[in-house]
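Colleague: Below are the structure tokens for one structure; questions will follow.
The values are calculated or read from the model by the stated rules, or taken from the named source; none is laboratory data. Just so you know, these numbers come straight off a predicted model, no measurement behind them. So basically every Cβ, Gly included, is an ideal-geometry build from the backbone, and we count neighbours across all protein chains shown.
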Amino acid sequence: MNTFPRALKVNKTDAFAIDVSLWLGADTVDFFSVDDKSEGKVIIGDTSIDSSCLKVLLTGVDVGTAEIHFNYNTSNRSDCFTVFVNVTEDC
């Protein structure tokens, strides 16, 4: 199970990213999407691609563990990656 090392607080927004450089090789990511499979633990915000780094802004909604799915593709292949984000109480 892959988990981001830092937690996200309820009612706070933070940036999270994955690096797909090993999978990508010489290709470039043409498109990617991010889904919350935990149904309501986070809100998915803006996404961006910076070379091989896929970034997303997440806002914490409810305490627990959010299951985040990254789906990405190049012009001739596609892949996905699941990572968990711990959502904690706000200060």
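Colleague: Of the conditions (1) surrounded by 13 or more Cβ atoms within 10 Å (Cβ to Cβ); (2) under 10 Å from the mean Cα position of the chain (by Cα), ALA15 fails just one. Which one is it?
Modeller: The number of the failed condition is (1).
Colleague: On to the next question. Would you mention how many residues in the range 41-67 are within 14 Å of THR13 (Cβ to Cβ) and either β-branched (Val, Ile, Thr) or at pLDDT below 95 (or both)?
Modeller: Of the residues in that region, 7 qualify.
So that you can scan it fast, the table gives a plain yes or no per residue for (1) closer than 20 Å to THR88 by Cα; (2) surrounded by 16 or more Cβ atoms within 10 Å (Cβ to Cβ); (3) over 13 Å from the mean Cα position of the chain (by Cα):
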| site | (1), (2), (3) |
| --- | --- |
| LEU24 | no, yes, yes |
| THR28 | no, no, yes |
| ILE44 | yes, no, no |
| VAL61 | yes, yes, yes |
| HIS69 | yes, no, no |
| TYR72 | no, yes, no |
| SER75 | no, no, yes |
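Colleague: Turning to a different aspect of this structure: Here is a list of conditions, (1) under 23 Å from GLU89 (Cα atoms); (2) at pLDDT 95 or above, and ASP19 meets all of them except one; can you say which number that is?
Modeller: (1)
Colleague: Given the criteria modelled with pLDDT under 95 and polar (S, T, N, Q), does SER38 qualify?
Modeller: Answer is yes for this residue.
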